[in-house]
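Enquirer: Dropping the structure in here first, questions after.
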Amino acid sequence: MAALPHHLHIYEKPALGNSFLTRKPVYNYTHTISAMGWFDTASCNLRLTDKEAEIAFESWIDNRVAVFVDNPVYPIWEGLITRVTPEFGNVVPTRSSDAMFNRSTTTYTGQGTNNVQTPAVNTTDSQAIYGIKHGNLELVFDTTTSTRDTTIRDFVLAWQSWPQSSLQFSEAGRMVRVEMLGMYHTLDKENIRVTGVVDRTLTTLITNLIGALGNGATFFDNTITSLIETNTITSNENTTRGETAWQQVMKWAETGDGTNRWIAGITPTDPNTGLRAFYFRDANTAVEYTANARDGARIRNQFGGLVNAWNVLPDRTLRVNDILVGWNGMGDDPREIYIESVNYDAESQRVALTAADDVTTDGVIQAKRFAKMSGSRFGHPPRMTIN
């Protein structure tokens with residue numbers, strides 16, 4: 001079955017407003033949706049005129065986008081444009097917010113002290129357009145009398161407060177490549193530092209963290225706390241090692257509650273209120289999808305209806321019904337997987353489902369985990385302790 005057309009809707013930068021700007025058909029579209037975070041990554045090609053390509057290159061960085069297919073109310077993916085790569089004949093420039101930092105600090109271990117962080121310096125003009133993007137440099141060791149820590153902090157701000165560009169040359173073309181990140185990645189824009197040493201519940205830690213964001217309600221409404229569920233496990237509130245807000249969220253969500261896994265992220269935009277909210281809750285492990293190996297592995301809902309590839313979501317379990325029929329062994333049911341992420345390809349109309357046994361590059365290097373497992377490939381190195 002041929003895929004329905006996919007369209008990219010482009011809006012203003014969230015720091016400036018939410019007005020709709022333009023709508024374009026997309027080509028070579030792919031996206032990833034993850035239980036931890038939700039809308040994760042996406043990319044596509046656009047056919048634009050030279051003038052449109054120049055506008056995209058200059059002004060689309062960090063604009064909000066949404067991708068629509070068969071439902072005009074609910075997009076299949078949404079987030080921010082983080083890189084634009086147009087082709088102007090043989091000249092292929094690229095511009096991104098990846099290396100942009102309009103707030104800068106450094107963190108180091110000082111002699112006789114622990115985890116010193118310099119005061120932040122800011123480029124407020126950039127923050128007014130793009131929101132806060134905090135870059136913290138890890139200097140390992142320094143002294144409080146040294147000027148290196150503040151000099152390198154100021155250098156970053158002087159050179160990297162705005163989207164950065166680079167250039168390459170290739171065969172003549174006319175496509176524009178757009179790369180996007182979901183809203184939860186904005187939690188990596190900020191470094192929230194708490195110097196206390198009090199144990200608090202994970203719910204309290206999460207609530208305090210979200211409420212302390214300098215970006216406030218720019219990317220999602222951080223005053224909505226109704227989706228932060230109760231988890232009474234405790235952890236120390238001290239976060240002085242340069243962790244971003246999202247790294248702290250991962251640290252606490254990975255704790256779970258001793259029995260169930262927990263997840264966190266940013267919801268899709270509510271079509272009634274236009275708002276997005278932060279969620280922290282236990283995972284949904286119910287079997288909501290089924291497939292049959294002898295049926296082309298087409299994904300169906302619990303009622304047997306086919307699910308369009310672009311509508312397949314994580315945070316639920318899929319069972320393959322026609323293998324190991326009647327299995328009743330020890331351990332986890334090998335016919336079932338809890339879907340941690342969905343990778344969708346519009347050209348092939350296929351999805352790849354990732355579970356705990358993640359064989360992708362991100363999975364092997366444990367890129368999406370805060371606490372990396374020692375004893376596994378690319379895990380955390382052994383801790384060296386002298387008693």
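Enquirer: Classify region 287-356: rounded, prolate or oblate, from the alpha-carbon gyration tensor (a ≥ b ≥ c, eigenvalue square roots; a/c under 1.5 rounded; otherwise prolate if a/b is larger than b/c)? Can you show the working numbers first?
Expert: Working: a/c = 2.03, a/b = 1.51, b/c = 1.34.
Prolate.
Enquirer: How much of the DSSP beta bridge set in region 103-160 is antiparallel, as a percent to the nearest 5?
Expert: Counting only bridges with both partners in region 103-160, antiparallel ones make up about 35 percent.
Enquirer: Suppose every Lys and Arg Cβ carries +1 and every Asp and Glu Cβ carries -1, with no other charges. What dipole size does the chain come out with about its Cα centre, to the nearest 20 debye? All intermediate terms of the calculation are to be shown ahead of the outcome.
Expert: Working: 34 positive and 42 negative charges, 37 e Å.
Result for the chain is approximately 180 debye, rounded to the nearest 20.
Enquirer: Right, next: Can you list residues whose amide H is under 5 Å from Thr82's amide H, if they're 5+ apart or on another chain and H is modeled 1.01 Å from N?
Expert: Here Asp62, Glu179, Met180, Leu181 satisfy the definition.
Enquirer: Restricting to the chain, compute how many DSSP beta bridges are antiparallel as a %, nearest 5. Could the numbers behind the result be given before it?
Expert: Numbers: 71 of 84 bridges.
DSSP beta bridges in the chain are roughly 85 percent antiparallel.
Enquirer: When the chain is treated as a GNM, springs tying every alpha-carbon pair under 10 Å, which of Asn114, Asn328, Asn122 comes out with the largest mean-square fluctuation?
Expert: Asn328
Enquirer: Between region 180-225 and region 261-318, what is the separation of their alpha carbon centroids in Å?
Expert: Rounded to whole Å, the Cα centres lie 25 Å apart.
Enquirer: Further question on the same structure: Quick one: among Gly37, Gly135, Gly211, which has the greatest mean-square fluctuation in a GNM of the chain with alpha-carbon springs under 10 angstrom?
Expert: Gly211
Enquirer: Quick check on the exposure proxy: order Tyr11, Tyr108 from fewest to most C-beta atoms within 10 angstrom. Write down the numbers at each step before the final one.
Expert: Working: Tyr11 18, Tyr108 21.
Ascending number of Cβ neighbours within 10 Å: Tyr11, Tyr108.
Enquirer: Residue by residue, what Karplus-based ³J(HN,Hα) values in Hz, rounded to whole numbers, does region 138-151 have, using 6.51, -1.76 and 1.60 with θ = phi - 60° and x for Gly and Pro?
Expert: My calculation for region 138-151 gives 8, 9, 6, 9, 7, 10, 5, 8, 6, 9, 4, 5, 7, 5 Hz in order.
Enquirer: Would you work out which of Val73, Ala367, Met36 lies farthest towards the positive end of the dipole of the chain? Charges go on Cβ: Lys and Arg +1, Asp and Glu -1.
Expert: Result: Ala367.
Enquirer: Using the Cα centre of the chain as origin and beta-carbon charges of +1 (Lys, Arg) and -1 (Asp, Glu), tell me which of Tyr338, Thr147, Thr230 is placed farthest towards the positive end of the dipole.
Expert: Farthest towards the positive end: Thr147.
Enquirer: Taking amide hydrogens as modeled 1.01 Å from N in the peptide plane, which residues meet the under 5 Å criterion relative to Leu275, leaving out close sequence neighbours?
Expert: The list, which skips near neighbours in sequence, is Asp270.
Enquirer: In addition: Tell me which of Val312, Asn272, Ile129 sits at the most positive position along the dipole axis of the chain, charges placed on C-beta atoms (Lys, Arg +1; Asp, Glu -1).
Expert: Farthest towards the positive pole: Ile129.
Enquirer: Collect residues whose amide H, placed 1.01 Å from N in the peptide plane, falls under 5 Å from the amide H of Val287; neighbours closer than 5 in sequence don't count.
Expert: Residues meeting the amide H criterion: Thr317.
Enquirer: Moving on to the next point. Once the Cβ-Cβ distance between Thr201 and Ala286 is put in as r, and R0 is 25 Å, what FRET efficiency do you end up with, to the nearest 0.05?
Expert: Working: r = 26 Å, r/R0 = 1.04.
The pair Thr201/Ala286 has a calculated efficiency of 0.45.
Computed from the coordinates by the stated procedures, all read-outs in this text should not be read as laboratory data. Just so you know, these numbers come straight off a predicted model, no measurement behind them. Every residue, glycine among them, receives a Cβ derived from its backbone with ideal geometry; neighbour counts consider all protein chains shown.
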